[in-house]
Amino acid sequence: MNADQIIKRAKFPKDLDKVLCIYRDYIGSASVNLDFQDNEKDFRNLSQQYSGKDSVIFLAWYKGKVIGCAAFRRVNSTECEIKRVYVRPAARGGGVGLNLINTVIESAKKNGYRKIYLDVLPEFDVATKLYESIGFEPTEPITYNPVPGTKFLGLDISKDAEQKAQADAQKARST
């Protein structure tokens, strides 16, 4: 990542306008109608939904401007869903998307989640390849998405979490 790029958690209410702006850019980037997601209802509840540790929004910044976003939301105590990974066109190709996804995965692990899911529209083939390169695999849908060709992917993050916990325990015993 470029030294001028940073990823940080969105803080509410301070970052609400920036989150809404980039979320609307994401929605506008799709060639299909996303009204089934009831986005306006979600937008009214962002501050409440994403202020705790169970669900988090991250913003990618470059020279003081938001260039990308990614979030995860709680499904249940062991599972979460990646939401709205988006990088503005001018910032694509520099690893911002990968950094956002890795940030989400690491934060989800720290919050005790063992599985992480997502759905990706068929037109976002670059994103699909990126998810698959990280290890996401086809899975059953956990949310409603009626767009034909949508891929539903999941990643077991418990193995990494367990390995880290074992390594930390071993390190603690040796000190």
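Is it the case that some residue within segment 80-90 is closer than 23 Å to Cys21 by Cα, under 17 Å from the mean Cα position of the chain (by Cα), of a type in the set (Phe, Trp, Tyr) and surrounded by fewer than 17 Cβ atoms within 10 Å (Cβ to Cβ)?
Checking segment 80-90: not a single residue is closer than 23 Å to Cys21 by Cα, under 17 Å from the mean Cα position of the chain (by Cα), of a type in the set (Phe, Trp, Tyr) and surrounded by fewer than 17 Cβ atoms within 10 Å (Cβ to Cβ).
Can you tell me which residue among Phe36, Phe43, Phe58 is at pLDDT 95 or above and either touching a His at 6+ places or on another chain (Cβ under 8 Å) or not acidic (Asp, Glu) (or both)?
Phe58
Just name the residue that is farthest from Ile105 (Cα to Cα) out of those in segment 35-70 that are of a type in the set (A, V, I, L, M) and either free of Cβ contacts under 8 Å to residues at least 40 places away in the same chain or exposed (fewer than 15 other Cβ atoms within 10 Å of the Cβ) (or both). Even if it seems obvious, please write down each step before you answer.
We begin by selecting, within segment 35-70, every residue of a type in the set (A, V, I, L, M); these are 46, 56-57, 59-60, 66-67, 70.
Restricting the remaining residues to those that are either free of Cβ contacts under 8 Å to residues at least 40 places away in the same chain or exposed (fewer than 15 other Cβ atoms within 10 Å of the Cβ) (or both) gives 46, 70.
On the way: Leu46: 20, Ala70: 10 Å.
Checking each candidate, the answer is Leu46.
How many residues, within segment 105-129, are of a type outside the set (S, T, N, Q), out of contact with any helix residue (DSSP H, G or I) (no Cβ under 6 Å at 6 or more places or on another chain), buried (at least 16 other Cβ atoms within 10 Å of the Cβ) and farther than 21 Å from Asp38 by Cβ? Give the derivation first.
Our first condition is that a residue be of a type outside the set (S, T, N, Q); within segment 105-129, this holds for 105-106, 108-110, 112-127, 129.
Now narrow it down to the ones that are out of contact with any helix residue (DSSP H, G or I) (no Cβ under 6 Å at 6 or more places or on another chain): 105-106, 108, 110, 112-113, 115, 117-119, 121-127, 129.
Subset that is buried (at least 16 other Cβ atoms within 10 Å of the Cβ): 105, 108, 113, 115, 117-119, 121, 124, 127.
Now restrict to residues that are farther than 21 Å from Asp38 by Cβ: 105, 108, 113, 115, 127.
Adding up the residues that qualify gives 5.
Return the pair list, or none, for Cβ contacts closer than 7 Å from residues in segment 106-127 that are polar (S, T, N, Q) to residues that are assigned to a loop (DSSP other than H, G, I, E, B) and surrounded by fewer than 19 Cβ atoms within 10 Å (Cβ to Cβ), at least 6 apart or on different chains.
The qualifying pairs are Asn111/Lys53; Asn111/Asp54.
The values are calculated or read from the model by the stated rules, or taken from the named source; none is laboratory data. Note that the structure is a prediction, hence the values are computed from the model and not measured. Quick reminder, even Gly has a Cβ in these numbers, built from the backbone with ideal geometry, and neighbours come from all protein chains shown.
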